[in-house]
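The structure appears right after this line, and notes come after that.
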Amino acid sequence: MWVARLVVLSGAGGIAGKRWKLRRDLSRPSCVGERPSGAACISGWAVGSGGWGGWPQVSFNATLMLEMLRGKRMLFVGDSLNRGQYVSLICLLHRSIPESSKSMETFDSLTVFRAKNYNATIEFYWAPFLAESNSDDAVVHRIADRIVRGTAIAKHARFWKGADILVFNSYLWWMTGQKMKILKGSFEDQSKDIVEMETEDAYGMVLNAVVKWVENNMNPRSSRVFFVTMSPTHTRSKDWGDYSDGNCYNQTAPIRDSSYWGPGTSKGLMRVIGEVFSTSKIPVGIVNITQLSEYRKDAHTQIYKKQWNPLTPEQIANPRSYADCTHWCLPGLQDTWNELLYSKLFFP
């Protein structure tokens with residue numbers, strides 16, 4: 001059902017020296033620039049047949065993917081990094097669909113892109129912890145004191161039902177540097193019973209709840225489930241040997257050390273992902289984007305994004321002080337994540 005003809009992408013991977021000019025294209029949602037032929041990222045990182053770690057790569061074919069999605073519902077569930085991957089996929093696909101045959105709408109936490117000629121939807125649902133939390137508002141969720149309601153996923157999971165393809169992620173919001181606060185009762189209770197758990201234990205508890213839901217609600221003969229691993233940050237240049245007290249701001253080349261693993265990426269949580277999903281009775285494909293993304297200190301949005309609060313004169317004088325070294329430019333690295341997802345989905 002899901003297997004398509006394998007087409008290996010030819011050419012050697014490498015760095016193209018040209019940096020591509022951004023421009024606003026209002027004909028597509030949130031797609032910041034034209035995607036040059038042969039380049040996967042704004043800084044020109046070419047995807048080659050060697051792939052990463054010897055993984056074979058396939059040439060992304062938007063028309064083929066839309067045909068394979070005919071009559072289906074594909075749903076991304078998670079945080080803003082998953083939303084970035086979702087937008088990347090829409091940007092990769094939308095030009096193969098006539099203007100009159102596509103639409104995009106947002107309903108609270110759910111965003112729906114419709115490819116009408118294919119009777120298909122590609123959707124994103126905001127749930128940064130996957131379980132219910134006090135950060136579930138899709139717009140107002142900048143809460144320092146984060147609380148997760150144990151294994152309660154029913155509030156979110158009612159939106160997951162009926163999806164043919166589910167793509168989960170959850171990581172960034174767990175990285176508080178402290179123990180996680182777990183609510184045992186309901187957020188509506190006047191007296192709240194909150195306990196603290198080690199992050200790895202709480203993370204594993206929620207992922208196990210997701211696995212149980214998948215086992216009870218997804219049919220492996222007609223549906224597919226994926227989990228995208230951790231997205232790295234590049235907030236301290238000294239982590240990659242640059243002691244200029246910088247960060248991702250003004251970085252124009254990737255990290256060349258193939259063994260680089262940033263200190264902000266938790267190997268403990270990575271281990272939990274492997275342990276939990278390996279026990280699932282329903283296959284869950286792991287889309288491991290972590291190591292290849294560790295190198296990309298040059299691919300973040302930096303200062304080129306919407307600022308939710310007015311910048312201070314001090315910030316304007318020092319751009320690196322407000323550079324976003326968490327999220328990624330489009331077109332860019334997340335297109336490569338979607339190449340990997342495409343490979344796992346149609347060429348397993």
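The values are calculated or read from the model by the stated rules, or taken from the named source; none is laboratory data. None of the values given here were measured: they were computed from a predicted structure. So basically every Cβ, Gly included, is an ideal-geometry build from the backbone, and we count neighbours across all protein chains shown.
Structure notes:
- Residues (more than 16 Å from the chain's Cα centre (by Cα) and among the hydroxyl-bearing types (Ser, Thr, Tyr)) located in the stretch 233-247: 235, 237, 243, 244
- Residue list for the stretch 220-269, restricted to those being surrounded by fewer than 18 Cβ atoms within 10 Å (Cβ to Cβ), of a type in the set (A, V, I, L, M, F, W, C) and closer than 12 Å to residue 290 by Cα: 261
- With a requirement of 3 or more residues that are surrounded by fewer than 17 Cβ atoms within 10 Å (Cβ to Cβ), the strands (runs of 3 or more DSSP E) lying completely within the stretch 90-203 that satisfy it span 102-107, 194-197.
- Check on residue 155, of a type in the set (D, E, K, R), touching a helix residue (DSSP H, G or I) at 6+ places or on another chain (Cβ under 8 Å) and at pLDDT 95 or above: no
- Residue among 129, 113, 107 that is in contact (Cβ under 8 Å) with a residue 60 or more places away in the chain and over 20 Å from residue 334 (Cβ atoms): 129
- Here residue 294 meets the list (1) among the charged types (D, E, K, R); (2) farther than 23 Å from residue 340 by Cβ; (3) in contact with a Phe, Trp or Tyr (Cβ under 8 Å, 6 or more places away or on another chain) almost entirely, failing just condition (2).
- Residue match in the stretch 168-180 (condition: farther than 22 Å from residue 265 by Cβ, hydrophobic (A, V, I, L, M, F, W, C) and modelled with pLDDT of 95 or more): no
- Lone unmet requirement of (1) β-branched (Val, Ile, Thr); (2) in contact with a Gly (Cβ under 9 Å, 6 or more places away or on another chain); (3) in a loop (DSSP other than H, G, I, E, B) for residue 282: (2)
- The set of residues in the stretch 293-325 being closer than 21 Å to residue 174 by Cβ and of a type outside the set (S, T, N, Q) consists of 294, 300, 324, 325.
- Looking at 318, 288, just one residue is surrounded by fewer than 22 Cβ atoms within 10 Å (Cβ to Cβ) and without any contact (Cβ under 8 Å) to a residue 40 or more places away in the chain, and that residue is 318.
- Candidates 209, 202 - the one that is of a type in the set (Gly, Ala, Ser) and touching a Ser or Thr at 6+ places or on another chain (Cβ under 7 Å): 209
- Meets criteria (surrounded by 19 or more Cβ atoms within 10 Å (Cβ to Cβ), closer than 27 Å to residue 211 by Cα, of a type in the set (S, T, N, Q) and within 15 Å of the chain's Cα centre (by Cα)) for residue 334: yes
- Hey, residue 230 assigned to a loop (DSSP other than H, G, I, E, B), under 21 Å from the mean Cα position of the chain (by Cα), under 26 Å from residue 345 (Cα atoms) and aliphatic (A, V, I, L, M) or not: yes
- Evaluation of residue 255 against (1) among the hydrophobic types (A, V, I, L, M, F, W, C); (2) within 29 Å of residue 130 (Cα to Cα); (3) part of a loop (DSSP other than H, G, I, E, B) (one fails), failing number: (2)
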